[in-house]
1. Return the sequence-ordered ³J(HN,Hα) values of the stretch 61-78 in whole Hz as given by the Karplus equation 6.51 cos²θ - 1.76 cosθ + 1.60 applied to θ = phi - 60°, using x for Gly and Pro.
2. So if each residue of separation counts as 0.36 nm, and I subtract the Cα-Cα distance between SER61 and VAL116, what length gain in nm does that give?
3. Counting Lys +1, Arg +1, Asp -1, Glu -1, what net charge surrounds ASN125 among other residues with beta carbon under 13 Å of its beta carbon?
4. Calculate, in nm to one decimal, what ASN125 and GLU18 gain on full extension: separation in residues at 0.36 nm each, minus their alpha carbon distance.
5. How far apart, in nm, are two points set 7 Å out from the Cα along the Cα-to-Cβ line at ARG96 and at ARG214?
6. Taking only the Cα atoms of the stretch 221-264, how large is their convex hull per residue, in Å³?
7. So between ASP49 and ASN2, what do we pick up on full extension, going 0.36 nm a residue minus the alpha carbon distance?
8. Sequence-distant or interchain residues sharing an amide H contact under 5 Å with VAL237, placed H: which?
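Each value in this text was obtained by applying a stated rule to the coordinates, not by laboratory testing. All of these numbers come straight from a predicted model, not from anything done at the bench. Cβ placement follows ideal geometry from the backbone for every residue including glycine, while neighbour counts extend to all protein chains displayed.
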Amino acid sequence: MNYDASSLDSLYRGRLVELRELAESRGISKGGSVEVLRARLIQNLVLPDLDLSWDGIQAMSHNELGETLKIFGIKSSGSQRERRQRLWLHLNFDSRRMTIERLAEMDRDDLHELCVRLEAPLTGNRTVLMGRVAGVLTNQLNGWGRIKKSLKRNGINFSLGTTGSEVLTNTEEVFEPLDVDFHSDSPIAVIEDAHDSLVLGLDTLDLAVQEDLRVVSTFVEDLDRIIGTILRGSGGVWGESQKELLLRLSKRRGWPVNEEVVKSRVTRVATDIAEIKGAKIGEFGKVNGNAFLRDQVTSESSKNRIGHKLAAVDSILRDSKG
């Protein structure tokens, strides 16, 4: 991809006042933050002939997306869909304002449109759609909205004999998303163990906490589906950001998750469900889960539950013979 590397270098280094003066002299809108303006100038002055509409971005190849992201000075690794998402976000939003808190203020139609542009599933109510968009934003965190500090500080590293397409190097590790269907419901045994974990040792807790955990434990299947939605949006990563999103969505549903004990237990159970679903635990998929379900649910309680089920089956068989 050919472009004027010298002009691009000046845009990387330019301050807000300088960029505004340049935009005004070229008849380009000078509104927005320095990073929004920088992206607009790169689009109009460095890549004027490149179709960067949503349809144009969809038509780009994997390599074209990577080269374009490098020119804009942002993260260029990831799957083809992640690259499309990141480029579209960078060209259309201010990363400081496109936050999960702002999503909470949007109506369903706006969230549906965002899901279309971010290539997320379109079914579900407002909360589900918000979770999908939030999952994408979490997955793309720090990957768009501002150029790399090294480019802002040092600009492009020119060397003799290099062309415009060669001066920007990529040292990022490519992330391959997990091929897992996170929307599949967890097995009944996992749901039952999650319920048992939430109410384990209630008699040792305050009465208010006991009541809150009993209420939350009745929504385990919903909890399982929310976890799947978040994982789908985050590319299979489950870390602190995903836990915080889960708690926010839980509160929006009216679940009593204000007490620290309740939040801690819910997030630990959710982490184990996510791990069982095949998630990469930790912000970068490198931290092992704490296996809360497996460690906290005693073998005795599991044995009792299985025993009750076997007794029920035995009773049914006896009745059928009679």
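1. Taking θ as phi minus 60°, the curve returns 7, 4, 5, 4, 4, x, 5, 5, 4, 4, 5, 6, x, 10, 3, 10, 8, x Hz for the stretch 61-78.
2. Values: separation 55, 0.36 × 55 = 19.80 nm, distance 1.94 nm.
Length gained between SER61 and VAL116: 17.9 nm.
3. Working: positive: ARG108, ARG126, ARG132, ARG225, ARG252, ARG253; negative: ASP107, ASP109, ASP222.
Value of the local net charge: +3.
4. Details: separation 107, 0.36 × 107 = 38.52 nm, distance 4.51 nm.
Result for the pair: 34.0 nm of gain on full extension.
5. With each label placed 7 Å out from Cα toward Cβ, I get 4.9 nm.
6. Numbers: hull volume 3.1 nm³, N = 44.
Cα convex hull per residue, to the nearest whole number: 70 Å³.
7. Numbers: separation 47, 0.36 × 47 = 16.92 nm, distance 1.08 nm.
So the extension gain works out to 15.8 nm.
8. So VAL237 has HN proximity to LYS280.
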